[in-house]
Amino acid sequence: MAEPQEHDSNNGLRQMISIKEVLKIVPVSRSTLFRKVKVGTFPKSYAIAPMRVGFFLDEVIEWQRSIVEQGACQ
């Protein structure tokens, strides 16, 4: 799978993904994910509509890279 572009080339906007999409990438439960957000060990979510949050894809990808780097150091 090709890595998604972090910024739209037309207007510089960062891509946001839904909680459902995050949970496809990160194999944890919804409650665990929000617990990690709350304690600051996962990128924060942003309210984008009533009852709807989004995450910036580039922040999730960077979090994944940091996890891999930490694992490589152990």
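The values are calculated or read from the model by the stated rules, or taken from the named source; none is laboratory data. Computed from a prediction, not measured in an experiment: that's the story for all the values here. Here the Cβ is made from the backbone with ideal geometry for all residues, glycine too, and neighbour counts use every protein chain on show.
Looking at (1) surrounded by fewer than 13 Cβ atoms within 10 Å (Cβ to Cβ); (2) aliphatic (A, V, I, L, M); (3) within 16 Å of ILE67 (Cβ to Cβ), which is the only condition ALA49 fails?
(3)
Consider only pairs whose beta carbons are under 8 Å apart and that are at least six residues apart or on different chains; among these, list those whose first residue lies in the stretch 35-48 and is β-branched (Val, Ile, Thr) and whose second residue is surrounded by 11 or more Cβ atoms within 10 Å (Cβ to Cβ).
Listed by first residue and then by second, the contacts come to VAL37/PRO43; VAL37/LYS44; VAL37/SER45; ILE48/MET16; ILE48/GLY54.
Count, please, the residues in the stretch 8-39 that happen to be under 15 Å from VAL60 (Cα atoms), among the aliphatic types (A, V, I, L, M) and assigned to a helix (DSSP H, G or I).
The number of residues fulfilling the criteria is 6.
Can you pull out the residues in the stretch 32-58 that are touching a helix residue (DSSP H, G or I) at 6+ places or on another chain (Cβ under 7 Å) and hydrophobic (A, V, I, L, M, F, W, C)? Full working, then the answer.
Start the filter on the stretch 32-58 by keeping residues that are touching a helix residue (DSSP H, G or I) at 6+ places or on another chain (Cβ under 7 Å), which leaves 33, 42-45, 53, 55.
Of everything in the stretch 32-58, those that are touching a helix residue (DSSP H, G or I) at 6+ places or on another chain (Cβ under 7 Å) and hydrophobic (A, V, I, L, M, F, W, C) turn out to be LEU33, PHE42, VAL53, PHE55.
If SER18 satisfies every condition in (1) surrounded by 11 or more Cβ atoms within 10 Å (Cβ to Cβ); (2) at pLDDT below 95 but one, which is the exception?
So SER18 meets the others, but not (2).
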